1. Has the range 370-388 got at least one residue that is of a type outside the set (A, V, I, L, M) and under 24 Å from Thr234 (Cβ atoms)?
2. Could you check the range 238-316 for helices (runs of 4 or more DSSP H) lying wholly inside it with 1 or more residues that are free of Cβ contacts under 8 Å to residues at least 40 places away in the same chain and of a type in the set (S, T, N, Q)?
3. Pro71 is checked against (1) farther than 22 Å from Ile340 by Cα; (2) part of a helix (DSSP H, G or I); (3) touching a residue at least 40 places away in the same chain (Cβ under 8 Å) and fails just one. What number does that condition carry?
4. Got at least one residue in the range 210-219 being in a helix (DSSP H, G or I), in contact with a helix residue (DSSP H, G or I) (Cβ under 8 Å, 6 or more places away or on another chain) and modelled with pLDDT under 90?
5. Report, by residue number, each residue of the range 25-38 that is of a type in the set (S, T, N, Q) and under 14 Å from Ala97 (Cβ atoms).
6. For a quick check of your reading of the model, give me the residue pairs whose first member lies in the range 187-213 and is within 16 Å of Val381 (Cα to Cα), whose second is among the polar types (S, T, N, Q), with beta-carbon atoms closer than 6 Å and at least 6 apart or on different chains.
7. Please work out which one of (1) over 29 Å from Gln310 (Cα atoms); (2) within 20 Å of the chain's Cα centre (by Cα); (3) among the aromatic types (Phe, Trp, Tyr) is the condition Phe117 fails and give its number.
8. Would it be correct to say that Ala101 is modelled with pLDDT of 80 or more, surrounded by fewer than 24 Cβ atoms within 10 Å (Cβ to Cβ) and under 17 Å from Leu54 (Cβ atoms)?
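The values are calculated or read from the model by the stated rules, or taken from the named source; none is laboratory data. From a predicted model like this one, the values you see are computed outputs, not experimental measurements. In this analysis, Cβ positions are derived from the backbone assuming ideal geometry, glycine residues included, and neighbour counts consider all displayed protein chains.
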Amino acid sequence: MRTFLSFAAAVTSLIVVFASSGAPIPLYERYRETEPITTAGLSLAAVSYFVAVLFSLVVCGRLSNHLGRRPVALATVVLACMGTAMLLSVHSLVTLASGRALQGLACGLASSVLTSFIIETAPRRPQWLGTVAAASGPLLGLTIGAVGVGALAEYAPTPRQLGLLVAVALLCCCAVGLVLSSEPVRRTPGAMASLRPRVAVPAAALPLMPAAAAIFIATWSLGGFYQAFSPTVTAVDLGSQSVFVASVVFASFMAPNAFGGPLTGSLEPVTVQRWGIALFALAAVTLTVALALHAIALFLVAGVIAGMSQGAAFTASLRRLVAQASPAERAGMLATIYLISYAGAAIPNFIAGQFSIRVDLTGIAAGYSVLVVLAAVIAIVFTFREASAAPHSDADTSRVPEFSDAWRATTTRGSRRS
């Protein structure tokens, strides 16, 4: 019973941490209109979030192996609570960027410790439950946070505070749940040594990395565009002042991510990579056309297609890479994957923020489209090069072992040795 409570607390905490991270996004346009915060400043706030996630993921990603899942999970929730509380009173870019940075630290830690916590405490039946909950939690949380705060900001009193106050209250409830949870792993020495940044790609996965990296950069860069600019796009280019519409625009891209991977899970991964990134590039170009035409319906449809194709292409790339890594190599490789992904979001976002002073949002979206199309071409070319070099390289990637199976086997062996 206590193990199931731990699982429920970890799943809820993962969703709520990312929901609190998505909560301020629909309010960006309000900040821009009422405070001395420019469009470039909003982009800088998004970059501060991404940089904090990168730092947390690469430096602190293995800390819970030594301190325990529960203490680090509690620290994650506390950081998220601090960042969200700071955003209750945004009157300058410094406050906004600082709050987003704290939320970024929390989300980076959550991506490591809470997903591990979920996998280790998941019920054995159904077997896929832990993996699906760990993979879907962040996107589900971002969507719930953005849409929930958008609705409250549109129809409830104190529009800039109420949604964030709800997020703080939910984070406090998550902390209580984690305190009552059981610790799934034994603490080991070496916490300080684990803080040294360490990322790696197994030799067997190196030939697959160029195509995968291009896909990670393309898909996450457009996600960064949505984080920084979707509220302003809604107001300026789509002609809507509704905070709720801004949250729906953001959710139109984020929510379908969760469906792309499962819907294409039975197909050959390399085929999904090619068709997924091609469809994603087409959707990115359509987004730019929709902005030029001020067509909100077309923009929303293109966002849904982009989100689903991102989920498909990203998951297929992950399946191919994970199949080439042993359990001991997996953490380092995943750190590399997310380093590339978050850098692919942060760097274009920073550049776009500098250009936003002189270029309108349609022009910025066009720049993102060019980046996505170039990355898609690179990805497709490299997948065909892989096929010509090793025609059967995907023969054993049709089914990737469940993370929960591998994790339980690893922790069981570790317990026996100790």
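1. no
2. In the range 238-316, the matching helices (runs of 4 or more DSSP H) lie at 269-293.
3. (3)
4. No, that holds for no residue.
5. Thr38
6. Ala211/Thr383; Ala212/Ser317
7. (1)
8. yes
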